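This report refers to the structure that appears directly beneath it.
Read-outs: derived from the displayed coordinates by stated rules, not from any lab. Quick caveat: nothing in here was measured; it's all calculated off a predicted structure. A quick note on method: Cβ atoms are made from the backbone with ideal geometry, for glycine too, and the neighbour counts reach across all protein chains shown.
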Amino acid sequence: MRIIGGVLKGKKISLPSNKSTRPLKDLVKESIFNILDHSNKFDLTIKNSNILDLFSGTGSFGFECISRGSKKITFIENYDEALKILKKNINHLKVKDKCEIINQDIFKFINSEFNFNDKFDLIFIDPPYKNDQVEKLIKRIKNKEILDEKGVIIIHRHRKNKDNLSNCLNILEERVYGISKLIIGF
């Protein structure tokens, strides 16, 4: 897998050898950044932004953001094999100064007393397709008030997933790409 845009375009990203971590497809990544660059439904630029990448896996979304000029990426991941590769990718791309890794289960972490120093311009949520806790996670994110007032949340799900996110998210866009569904809101 390679980074598809920005200053790191073409650089390789390592992936795990097993299939338990599902990397974000290039088409979906490209679509996300096209929406972010061209939508008039929200005012967000990746350049100089603070990003929270939940269920980060090997970091492909976060690295795309860094390549496009984001200020900082906070990765939250707790799967050991993915963490090893995430750290390897950070070192290979020489972006350690823009990255923070939190090695915890996201649900335990978001329910803890931990507070971030800054708010996030973009929160990217890419849980395993079978995870049914996304609504609860978004509610907790909102209760903690970690999303900037102009910030957006992007959720990557299987297109057949039946999350009822309109209860907890003001949905601005919903798009389907192959088996993937993107939901963008605040």
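If R0 is 25 Å, the Cβ-Cβ spacing of S112 and K71 corresponds to a FRET efficiency of close to 0.55.
I want the antiparallel fraction of DSSP beta bridges within the chain, as a percent rounded to 5. Within the chain, antiparallel bridges account for around 40 percent of the total.
A 28 angstrom limit on the alpha carbon distance is what I want to check against. Which of K9/K84; K96/K139; K11/K142 exceed it? Pairs exceeding the cut-off: K96/K139; K11/K142. Placing pseudo-labels 7 Å out from each Cα toward the beta carbon at H38 and I179 gives an inter-label distance of 2.7 nm. Positive contributions from Lys and Arg (+1) and negative ones from Asp and Glu (-1), summed over other residues with Cβ under 14 Å from the Cβ of I183, come out at +2. Remark: for residue pairs K25/K87; K29/K144; K47/K160; K12/K87, the C-alpha separation exceeds 22 Å in K29/K144; K47/K160. Summing Lys and Arg as +1 and Asp and Glu as -1 over all other residues whose Cβ lies under 13 Å from the Cβ of F55 gives a net charge of -1. From its DSSP helices (H runs of at least four residues, each -39,500 (n - 2.57)), the chain gives a residue-normalised ellipticity at 222 nm of -8000 deg cm²/dmol.
In terms of the Cα gyration tensor, with a ≥ b ≥ c the square roots of its eigenvalues, is region 27-136 rounded because a/c is under 1.5, prolate because a/b exceeds b/c, or oblate? Note, shape of region 27-136 comes out rounded. With neighbours defined as other Cβ atoms within 10 Å of a residue's Cβ, the residues S180, S56 order from fewest to most as S180, S56.
Exposure proxy shown here: for K119, K72, the number of other Cβ atoms within 10 Å sets the order, fewest to most, as K119, K72. So how far, in whole Å, is the C-alpha centre of region 63-109 from the one of region 35-54? Each part's Cα centre sits 18 Å from the other's. Here K144, K12 are placed in order of increasing Cβ neighbour count within 10 Å, fewest first, which gives K12, K144.
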